[in-house]
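Peer 1: Mind having a look at this structure? Questions to follow.
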Amino acid sequence: MNIDTLNSYMAAVAGLRRMAEHIADLRWIAQAPPSVQFERQRSARGSRRDRVADLGNRIIDATAEYEAARAELVTQRRAIYEWISGINDMRVRLICTLRVLDGMSWADVAAQVNDGYSADACNRAFLRYLADHSDTSATAAAEARAEARMD
């Protein structure tokens, strides 16, 4: 696991929240009175029925896209959870869980850790652990050992 993977996951979670909000907005518009639904589309050609069908199709497409993104996110979350569960240091495991899986800010993470750690200290502990235990450093260490054997 590396910082890019974790940042990608957190960005995907934020994107999924925005998609859910968009779908909720579309559903609200679909249930609103016709005067609200198509206020901006009054000059558009086509019947009201065509516009309602278009809105329904947009909801269906957005929902399908949301479900696909959610399925991918579940897979990523499982991999991250397995990685976090393998962390031996309880404090670092808690920091990683709160930051990555729960999406807390560093200040909120520091308040939850409650060992007198500041937000910066939690951030440094997180980054230090990633630097020492990321996939890229493990690969580099394995390559260095392989090269040492060849010499």
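The values are calculated or read from the model by the stated rules, or taken from the named source; none is laboratory data. Values in this document were obtained by computation on a predicted structure and should not be read as measured data. Cβ: placed from backbone, ideal geometry, glycine included. Neighbour counts: every protein chain shown.
Peer 1: Can you say whether ASP50 is exposed (fewer than 12 other Cβ atoms within 10 Å of the Cβ), modelled with pLDDT under 95 and outside the structural domain of ASP132 (by TED's automatic domain parsing), as far as the supplied structure shows?
Peer 2: Yes.
Peer 1: For residues that are touching a residue at least 24 places away in the same chain (Cβ under 8 Å) and either outside the structural domain of ILE23 (by TED's automatic domain parsing) or out of contact with any His (no Cβ under 9 Å at 6 or more places or on another chain) (or both), scanning just segment 54-69, find the one that is nearest to TYR9 (Cα to Cα).
Peer 2: Only one residue fits best here, namely ALA69.
Peer 1: Right, here's the next one. Among the candidates LEU101, LEU73, which residue alone is assigned by TED's automatic domain parsing to the domain that holds SER8 and surrounded by fewer than 17 Cβ atoms within 10 Å (Cβ to Cβ)?
Peer 2: LEU73
Peer 1: All but one of (1) surrounded by 13 or more Cβ atoms within 10 Å (Cβ to Cβ); (2) over 14 Å from ILE3 (Cα atoms) hold for ALA125, so report the exception by its number.
Peer 2: In the conditions (1) surrounded by 13 or more Cβ atoms within 10 Å (Cβ to Cβ); (2) over 14 Å from ILE3 (Cα atoms), ALA125 misses (2) alone.
Peer 1: Every residue in segment 80-121 that is outside any loop (DSSP other than H, G, I, E, B), among the hydroxyl-bearing types (Ser, Thr, Tyr) and under 16 Å from the mean Cα position of the chain (by Cα), please.
Peer 2: Answer for segment 80-121, where residues must be outside any loop (DSSP other than H, G, I, E, B), among the hydroxyl-bearing types (Ser, Thr, Tyr) and under 16 Å from the mean Cα position of the chain (by Cα): TYR81, THR97.
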